[in-house]
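Heads up, the thing below is written out as C-alpha cells.
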Amino acid sequence: MKKIFDKMNNEVFFEKLDNGLEVYIVPLDFKEVYATFSTKYGSINSEFIPHGEEKFIKVTDGIAHFLEHKMFEQINREEPFAFFGNNGARANANTSHNKTTYLFAGIDSFESNLNFLLDYVQDPYFTDENVDKEKGIIEQEIKMYDDDPGSILSDKLFQNAFVSSSYKIPIIGNKESIYSLTKEDLYLCYNTFYHPSNMFVVISGGVDPNEAIRIIKENQASKNYENKPSIINKEIEEVDTVALVEEVYDMGLVIPKIGINFKINASVFNLEDIKKRFYLSLFLNLKFGSISDFYENVKKNNLINGDIYNTIYPAISHYMLIIDVESRTPMEFLSEVLKEISLINFSEEDFNRKKKVFFSSLILMGDNIFSLNSRIMEDIVNYGEVRYDIMNIVNDLNYNEMVEYIKNIDFSNYNYVIVK
Amino acid sequence: METKTIKLNGFDLNLIKTNKFKSVSVNFSFRRKLIKEELSKRSLIAEILLESSFKYPSKKDLTRAKEENYGQRISSQNYNTGCHTTMEFNTSYVNPKYTDCKDNKPFLDLIMEVIFSPHIDSSFNEEKFNLVLKELKEYMVSEKENTNKYALKQALESADKGEVYTLNNFGYMEDLEGLTRESLYDYYQDMIENDILDITVVGDIDFIEFENYFSSLKREAKSEDNNFEYVQKVKENFLELKEEYDSFQSKLVMIFKFSDFSSLETKLLVTLYRIILGSGTSSKLFLNVREKHSLCYSIGANTIPVSNYMTVRAGINKNDYEKAKEVILAEVADMKSNISIEEFEAAKKLLRNSILLDDESVNGIVSSYLSEKNYNYLSKEEKLLKLENATIDDLYKLANKIKLDTIFLLEGVR
C-alpha cells in the first residue's frame with residue numbers, strides 16, 4: 001500500500017504482516033540502504049504485566065538498554081557486528097525512553113543483511129555468563145556519562161521533574177541496578193515486548209519496496225509466532241508539580257551550566273498533540289532563540305556564555321520545555337527566564353518567518369537516508385501512525401491559535417539543575 | 001555528477017552539479033600555512049563574522065535574514081591539515097525552485113555579506129569583538145572539562161609539545177594578549193586578500209548562474225604552498241605518563257608514528273589498516289578489548305596520514321590500565337603478521353563502500369573534491385582500483401613502519 005507525504009514528493013510503502021509486524025519502505029535516490037527494526041519498548045516501560053501472567057511487576061532500572069546490548073550475543077549465528085562488517089555494512093542499536101532500535105546501513109547484500117537483522121533480533125541468547133560479562137562494559141558506559149556535564153544535567157532535569165512517571169529513571173540505569181540484573185529478567189522483558197505485533201521495520205534509501213516486503217514476508221512466515229500477546233503497561237498518573245525544584249551538582253566546572261525545565265500539562269487546551277508540539281517549539285524559539293530581544297539582552301549583560309539551547313520533550317501526560325545555557329550567574333539567568341516565560345511578546349511577522357523555516361526543513365528531509373527514517377519512527381511511537389499530512393499541519397499553523405494556546409499554559413511548575 | 005573548476009580572480013570556483021539533493025550548498029575554504037600565533041585570531045574571525053554584518057548589525061537582524069531565506073544555514077569552522085590551517089564557511093539552503101525565489105541570488109548575497117562585509121566602524125565592532133573574545137577565553141579555560149579532548153591534548157603535548165601537528169584549532173591564551181579589534185581586523189583583511197580560496201558549490205545548479213555571480217569577486221592571484229605534510233621525529237623509546245584527574249573514568253591515549261610511508265600508503269592503505277585495527281564494531285580493538293575482555297565501552301583508532309601519526313583511545317577503569325595496555329598492544333602487534341583473510345576482505349568491502357558513499361552527502365562530495373584538487377589525493381576511480389589490488393602483505397609492510405611513541409593515561413580518581 002503506497003502513501004505519500006503531502007507536498008513533499010516522498011513515497012512510503014506500507015504493509016502490516018499477519019503476525020502484526022508493520023513495515024514502512026521509503027525509496028530514495030541513494031546507493032545506501034538504511035534499515036531499522038524497532039520495538040515499542042524503552043526505559044519508561046518499567047511496570048507491566050509480563051506475558052502469560054496476571055499481576056503487575058516492576059523491573060530493574062536500565063533493563064531495556066541492557067537487553068539491547070545483549071541482543072548482540074548469539075549462539076545460532078555469527079556475531080552481528082562481525083556479520084555486518086563482513087558485508088561492508090555498519091550496524092548499531094540504541095535505546096530511548098519509548099523504543100529500542102536495531103539497525104544497519106550498507107550498499108551491498110541487502111537481502112542477506114535484512115534477513116540477519118530480523119533473525120538476530122528475534123533470537124535472543126542470554127546466559128548467566130554473558131549477562132555478567134556485559135556488566136563491566138555498561139559500568140564503563142555509565143562512568144563515561146557520569147563524567148559528562150551535559151549528560152548529568154539532562155538526567156537530573158528528568159529525575160527531578162517527575163514524581164511518579166518512569167521518565168525520571170535514567171535510560172542506562174545505575175551501577176547497582178545493572179549488577180542486580182539476571183538473564184531471567186531479560187527474558188521476561190523480551191518475551192513481553194519483542195513480539196512482532198509490538199515492532200516495526202523502516203527501510204529508507206536505495207531499496208526496491210516490493211523486494212524488501214517479499215524478503216520480510218518470507219522471513220517472518222518461517223517463524224512461528226503465537227497469537228499477539230496483550231501488553232499491559234501500568235498507567236502511572238503524574239502530577240503537574242515537580243519532584244524537586246532545585247538541584248546543584250558540583251563537578252568542578254569553570255563555567256556552570258544551568259538547565260531549566262517547565263513542566264506543562266499536555267491535556268490543556270483543545271488542540272491536536274502534534275500541533276501543540278509545533279507551537280511549543282515555535283514558542284521557545286521565538287522567546288529564547290537568537291531572534292529574540294531576550295537573547296540580545298542576556299548576551300549584552302553577560303548572563304550567558306555561548307548560545308541558548310532549547311527543546312521540547314514530550315513525556316505522555318506532560319511536555320518538558322527545556323532551556324539550557326552556560327552561565328557564570330545561573331540564578332540571575334533563571335530569574336530573567338522566569339520573568340520572561342509567560343509574556344506574549346513576539347510578532348506575527350516573526351511567527352510566519354519561522355513557518356518558512358519549518359517548511360524548508362521538511363522539504364530537506366529527503367536529502368539523506370536517515371532523516372525520513374527517524375521521522376517515521378518518531379511518529380509511530382508518539383502518535384501511533386505516520387503523519388503524512390505534516391506539511392498541511394505546518395501550513396495550517398496560525399499565530400492567533402498559538403497565542404490562545406500559550407495563554408492557557410500554566411508555567412508555574414518548573415525545576416532547574418545547576419552543574420558547577 | 002558534472003563538475004567544473006574555473007580559475008576566477010584570485011580564487012578557484014568549483015561547481016558540482018547533482019540532482020540528488022533538494023538543497024544547494026556553498027563552501028568557502030580559506031587556507032594558509034599553519035602558524036600557532038594566528039590560530040586564536042582565526043578562531044575569533046570565524047565567530048565574529050557570524051554575529052553580525054554591515055547590513056545586519058545584530059544577531060537578531062542576521063537571524064531574521066536567514067529565516068527570510070527559508071532557514072538558510074550558515075556556519076564556520078577551523079581545522080588543521082598537516083602544516084596548513086583552513087577556515088571554512090558553509091551555507092546550505094533549500095533549492096530556490098522549491099520556493100518563491102526565482103534564483104540563488106538572495107542566498108548568495110547573504111553568505112557573501114557575512115564573509116566579505118563585516119560589521120565595522122573603523123575596524124571590528126567593539127561590542128562584538130569583546131563578546132567573541134570573552135567567549136573564546138571562556139572556552140579555553142574550560143577545555144579541561146571535556147576529558148576526551150583534554151586527554152588527547154595532554155598526550156600530544158607530552159609527545160611533542162609545540163610541534164605543528166599537536167596544535168589545536170582554536171588557539172592559545174598567550175596569543176590573545178595585546179590583541180585589539182584593530183589588529184584582528186588587519187589580520188582579517190590579510191586573510192581575505194591572501195589566503196588560498198576555494199569556493200565549492202554543490203546541488204542542482206546552473207553553472208552559468210554561479211560563474212556570473214562570483215565573477216564580481218576580485219582578488220590577486222595567489223601562489224600555492226604545497227608543503228602540507230608533516231614529517232614525524234620518531235623516538236628511540238616510547239614515553240609512558242600518567243596524570244591524575246577528578247573523574248570516574250580514566251582515558252587512555254596511545255600515539256603511534258609513521259615513517260617512510262609511500263604515497264599509496266598515506267592516501268589509501270593506512271585507512272584500510274585503521275578499519276581492521278580500530279574503526280567500528282567489527283574491528284580488532286572493539287571485538288577484543290571491549291567485547292572479549294570487557295575492558296571498556298568506547299575504543300577506537302584514528303589515523304592522521306598527513307601528519308603521519310595514529311591514536312588509539314579508550315575509556316577504562318584505572319585498575320584495568322595494565323591489562324588494557326597489554327591487550328591493545330597485542331592487537332597492534334597482530335597487525336604486523338596476523339590479519340585473517342576474512343578481516344582483510346571485510347575491511348576492503350567497508351572501505352570500498354565508504355568511497356562509493358562519498359557521493360551521497362554534501363560533506364563527502366566537497367571533501368573528496370578538495371582533497372583531490374589541493375592535496376593530490378586519489379580520485380574515486382583510482383582509489384577503487386588500487387584498493388582492489390591491495391594485499392595483506394601491503395598492510396604488513398605498512399604495519400612495520402608504525403612505531404609506538406607515547407602512552408598517556410588521564411587517571412580518574414573519583
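The values are calculated or read from the model by the stated rules, or taken from the named source; none is laboratory data. No experiment lies behind these values; they were computed from the predicted model shown. Backbone-built Cβ (ideal geometry, glycine too); neighbour counts: all protein chains shown. Calculation scope for accessible area: heavy atoms of the full protein, side chains included, ligands and nucleic acids excluded. Shrake-Rupley method; radii C 1.70, N 1.55, O 1.52, S 1.80 Å.
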(request) Say whether the condition of being within 13 Å of another protein chain (Cβ to nearest Cβ), of a type in the set (G, A, S) and either assigned to a helix (DSSP H, G or I) or open to solvent by 20 Å² or more (accessible area, probe 1.4 Å) (or both) is met by at least one residue in region B:325-336. (result) no
(message) Looking at A:S347 and the list (1) of a type in the set (S, T, Y); (2) open to solvent by 20 Å² or more (accessible area, probe 1.4 Å); (3) out of contact with any Leu (no Cβ under 9 Å at 6 or more places or on another chain), which single condition is not satisfied?
(response) (3)
(request) Report, by residue number, each residue of region A:161-198 that is of a type in the set (S, T, Y), open to solvent by 20 Å² or more (accessible area, probe 1.4 Å) and under 30 Å from A:F262 (Cβ atoms). (result) A:S164
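Just name the residue that is surrounded by the fewest Cβ atoms within 10 Å (Cβ to Cβ) out of those in region A:151-160 that are within 17 Å of the chain's Cα centre (by Cα) and touching a residue at least 40 places away in the same chain (Cβ under 8 Å).
First, the residues of region A:151-160 that are within 17 Å of the chain's Cα centre (by Cα): A:151, A:154-155, A:157-159.
From the residues that got through so far, the ones that are touching a residue at least 40 places away in the same chain (Cβ under 8 Å) too are A:154, A:157-159.
Details: A:S154: 20, A:L157: 23, A:F158: 24, A:Q159: 17.
Out of the qualifying residues, it is A:Q159.
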(request) Please work out which residue is surrounded by the fewest Cβ atoms within 10 Å (Cβ to Cβ), limiting yourself to region B:74-83 and to residues that are closer than 24 Å to B:E127 by Cα and either more than 14 Å from chain A (Cβ to nearest Cβ) or of a type outside the set (A, V, I, L, M) (or both). (result) B:S75
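Would you pick out the residues in region A:114-138 that are acidic (D, E) and at the interface with another protein chain (Cβ under 8 Å from one of its Cβ atoms)?
In the first step, residues of region A:114-138 are kept if they are acidic (D, E); the result is A:119, A:123, A:128-129, A:132, A:134.
Listed by number, the list holds a single entry, A:E134.
Please go through region B:371-396 and give me each residue that is of a type in the set (A, V, I, L, M) and open to solvent by less than 60 Å² (accessible area, probe 1.4 Å), ordered by number.
In the first step, residues of region B:371-396 are kept if they are of a type in the set (A, V, I, L, M); the result is B:378, B:384-385, B:387, B:390, B:392, B:395.
Selection gives B:L378, B:L384, B:L387, B:A390, B:I392, B:L395.
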(request) Kindly list the number of the only condition in (1) open to solvent by 60 Å² or more (accessible area, probe 1.4 Å); (2) within 14 Å of chain A (Cβ to nearest Cβ) that fails for B:N237. (result) (2)
(request) List every residue pair whose Cβ atoms lie under 7 Å apart, where the two residues are 6 or more positions apart in sequence or sit on different chains, the first residue falls within region B:270-291 and is more than 8 Å from every other protein chain (Cβ to nearest Cβ) and in contact (Cβ under 8 Å) with a residue 40 or more places away in the chain, and the second residue, located anywhere, is of a type in the set (D, E) and part of a helix (DSSP H, G or I). (result) B:I276/B:E343; B:L277/B:E331; B:K284/B:E331; B:K284/B:D334; B:L285/B:E331; B:N288/B:E331
(request) Determine if region A:278-287 includes at least one residue that is within 14 Å of chain B (Cβ to nearest Cβ), in a strand (DSSP E or B) and not charged (D, E, K, R). (result) no
(message) Looking at B:L217, B:L156, B:L167, can you tell me which residue is more than 21 Å from the chain's Cα centre (by Cα) and open to solvent by less than 30 Å² (accessible area, probe 1.4 Å)?
(response) B:L217
(message) Just to be sure before I move on: is B:S298 of a type in the set (S, T, Y), within 19 Å of B:A151 (Cα to Cα), touching a helix residue (DSSP H, G or I) at 6+ places or on another chain (Cβ under 7 Å) and surrounded by fewer than 20 Cβ atoms within 10 Å (Cβ to Cβ) in the structure I sent?
(response) yes
(message) Looking only at region A:244-266, how many residues end up being within 27 Å of A:K339 (Cβ to Cβ) and open to solvent by 60 Å² or more (accessible area, probe 1.4 Å)?
(response) 4
(request) Could you check B:L350 against (1) farther than 26 Å from B:Y79 by Cβ; (2) within 11 Å of chain A (Cβ to nearest Cβ); (3) open to solvent by 30 Å² or more (accessible area, probe 1.4 Å); (4) of a type outside the set (G, A, S) and say which number it fails? (result) (1)
(request) Hey, can you tell me all the residues within region B:243-259 that are touching an Asp or Glu at 6+ places or on another chain (Cβ under 6 Å) and among the polar types (S, T, N, Q)? (result) B:S247, B:Q249, B:S250
(request) Go over the candidates B:A65, B:A46 one by one and state the one that is of a type outside the set (F, W, Y) and farther than 24 Å from B:L167 by Cα. (result) B:A65
(request) Quick one: which helices (runs of 4 or more DSSP H) lie wholly within region B:84-192 and hold at least 3 residues that are more than 24 Å from B:R31 (Cα to Cα) and within 14 Å of chain A (Cβ to nearest Cβ)? (result) B:126-141, B:147-160
(message) Looking at the structure I just gave you, is B:S340 closer than 30 Å to B:H84 by Cα and either surrounded by fewer than 17 Cβ atoms within 10 Å (Cβ to Cβ) or among the hydroxyl-bearing types (S, T, Y) (or both)?
(response) no
(request) Check whether at least one residue in region A:250-257 is assigned to a loop (DSSP other than H, G, I, E, B), out of contact with any Asp or Glu (no Cβ under 9 Å at 6 or more places or on another chain) and not hydroxyl-bearing (S, T, Y), and report yes or no. (result) yes
(request) Could you list, in sequence order, all residues of region B:38-58 that are within 14 Å of chain A (Cβ to nearest Cβ), open to solvent by 10 Å² or more (accessible area, probe 1.4 Å) and either in a loop (DSSP other than H, G, I, E, B) or more than 10 Å from B:L133 (Cα to Cα) (or both)? (result) B:L50, B:E51, B:Y56, B:P57, B:S58
(request) From (1) in contact with a Leu (Cβ under 8 Å, 6 or more places away or on another chain); (2) on the phi > 0 side of the Ramachandran plot; (3) without any contact (Cβ under 8 Å) to a residue 60 or more places away in the chain, pick out the condition that doesn't hold for B:S294. (result) (1)
